[in-house]
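Since the structure comes first, as structure tokens, the remarks are kept for the end.
The values are calculated or read from the model by the stated rules, or taken from the named source; none is laboratory data. Treat the numbers as computed from the prediction; the structure is a model and nothing was measured. Here the Cβ positions follow ideal geometry from the backbone for every residue, glycine too, while neighbour counts run over all protein chains shown.
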Amino acid sequence: MQKGTPSTPPVTGRSHRHRFETPFWRKVFLAGVRHIPQAIQRATMPLWAGIFYGLVPSARRTVEANLTRAMGEASPAITHLRSFRLFVNYAQSITNMYALYVGRPLPVEPVFEGREKLLAVRAQGRGAVILTGHIGSWALAPFLLERTGVGAPTMAMAEEPNQELQQFEQQFRRHWKIIYTTGSPFAALELATVLRRGELVGMHLDRVTGSHVLLPFFGKEAAFPLGPATLARATGAPLVPVFMIRDGAKGFRSFTEDPIEVAHTRNRDADLRDATARVVAVYEAYVRRYPYQWFSFHDFWATPDGVDAGPTATAHGEGGTRRNGRATSVNGR
């Protein structure tokens, strides 16, 4: 496969699944968030994180491998300490999310850096694709963006593979506008309509569920979705990287980076690749800066499911992309 060349076979998501991904364990977790005082929750977070650190060894080993590539080699003791620190941060991040679900306030007001960049895009009457990753307190993005006056985005999400878990989570998501990209063949058209109305769409840049491109990430090629850049190119909306980072034990800091415009030349593949590469470079900088808040529990550099190991059949230019010898059109073009 050529470096930086878009690949089009559909693939499955790469989030880690384990036996605790059930409504029962979510209810147990929710009960703890609801009834245990927040100060005690924070003080005992290493204990709760340690339980899952021990019970899900596959996730622990994967986190250690990912952090080794991002941070460099270390002794076994340091490697274990790195992953444990990440587990503690992840437990706190999920706790904060569920706290908002049950109506508990954030312990402090978040600090916003670059908010004016999104407001400027909105003032132009344009929509924007807000891109974030599984880093920091990404799940708080709708809450915090609504609080700033920017407005909560329509979230593009994949459905939970466990339908019971999907139904359980749905009770907390009803406050937000969500389009499930794995539930309808018309999801891309719905998202494009939102953007053309001048509204915001929130997407993840580190979960592959469809067309993707291989790009360098910490010195090795990894797969990144082409969906965000495809939507942006079709609608004229910019890509805006936004990251919600925990700042100390109680605080949050929201970073909004410069909007990235997707070119619309005759070389569609190059347009999508170049815009995605620019976003990935921003993402890598944040992971490098906040490695213990990078919650990637799968092998980030593994080849996604469904990729053809043979040569990539990609048609460049305005002809679209070829899949299995057939030309496929682009939504919104």
Any residue that is surrounded by fewer than 22 Cβ atoms within 10 Å (Cβ to Cβ), of a type in the set (Val, Ile, Thr) and modelled with pLDDT under 85 - is there at least one of those in region 107-116?
yes
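Can you tell which of Ile130, Ile78, Ile135 is surrounded by fewer than 16 Cβ atoms within 10 Å (Cβ to Cβ) and either under 25 Å from Leu226 (Cα atoms) or not polar (S, T, N, Q) (or both)?
On the way: Ile130 fails: surrounded by fewer than 16 Cβ atoms within 10 Å (Cβ to Cβ); Ile135 fails: surrounded by fewer than 16 Cβ atoms within 10 Å (Cβ to Cβ).
Selected residue: Ile78, the only one of Ile130, Ile78, Ile135 that is surrounded by fewer than 16 Cβ atoms within 10 Å (Cβ to Cβ) and either under 25 Å from Leu226 (Cα atoms) or not polar (S, T, N, Q) (or both).
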I'd like to check which strands (runs of 3 or more DSSP E) are fully inside region 198-251 and have at least 3 residues that are more than 15 Å from the chain's Cα centre (by Cα).
212-217
Give Ala65, Ala59 a once-over and let me know the one that is part of a helix (DSSP H, G or I), surrounded by 18 or more Cβ atoms within 10 Å (Cβ to Cβ) and at pLDDT 90 or above.
Ala59
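Does Ala263 count as at pLDDT 95 or above, surrounded by 14 or more Cβ atoms within 10 Å (Cβ to Cβ) and more than 30 Å from Gly72 (Cα to Cα)? Talk me through it step by step, then tell me what you get.
Details: at pLDDT 95 or above: yes; surrounded by 14 or more Cβ atoms within 10 Å (Cβ to Cβ): no; more than 30 Å from Gly72 (Cα to Cα): yes.
No.
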Among the residues of region 195-232, how many are farther than 24 Å from Phe297 by Cα and either in contact with an Asp or Glu (Cβ under 6 Å, 6 or more places away or on another chain) or surrounded by fewer than 21 Cβ atoms within 10 Å (Cβ to Cβ) (or both)?
4
Given (1) within 29 Å of Ala59 (Cα to Cα); (2) surrounded by fewer than 21 Cβ atoms within 10 Å (Cβ to Cβ); (3) hydrophobic (A, V, I, L, M, F, W, C), number of the condition Leu119 does not satisfy
(1)
Within region 160-179, can you find the residues that are surrounded by 15 or more Cβ atoms within 10 Å (Cβ to Cβ) and either in contact with a His (Cβ under 7 Å, 6 or more places away or on another chain) or at pLDDT 70 or above (or both)?
Trp176, Lys177, Ile178, Ile179
If Asp271 satisfies every condition in (1) within 18 Å of the chain's Cα centre (by Cα); (2) part of a helix (DSSP H, G or I) but one, which is the exception?
(1)
With in contact with a Ser or Thr (Cβ under 9 Å, 6 or more places away or on another chain), at pLDDT 95 or above and β-branched (Val, Ile, Thr) as the only criterion, which of Val287, Val280 stands out?
Val287
Which residues, counting only those in region 134-148, are outside any helix (DSSP H, G or I) and among the polar types (S, T, N, Q)?
Ser137
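Residues that are without any contact (Cβ under 8 Å) to a residue 40 or more places away in the chain and under 18 Å from the mean Cα position of the chain (by Cα): does region 87-105 have at least one? I'd like the intermediate steps shown before the answer.
Going residue by residue through region 87-105, those that are without any contact (Cβ under 8 Å) to a residue 40 or more places away in the chain are 87, 103, 105.
Of the ones still in play, those that are also under 18 Å from the mean Cα position of the chain (by Cα) are 87.
Yes; the residues of region 87-105 include at least one that is without any contact (Cβ under 8 Å) to a residue 40 or more places away in the chain and under 18 Å from the mean Cα position of the chain (by Cα).
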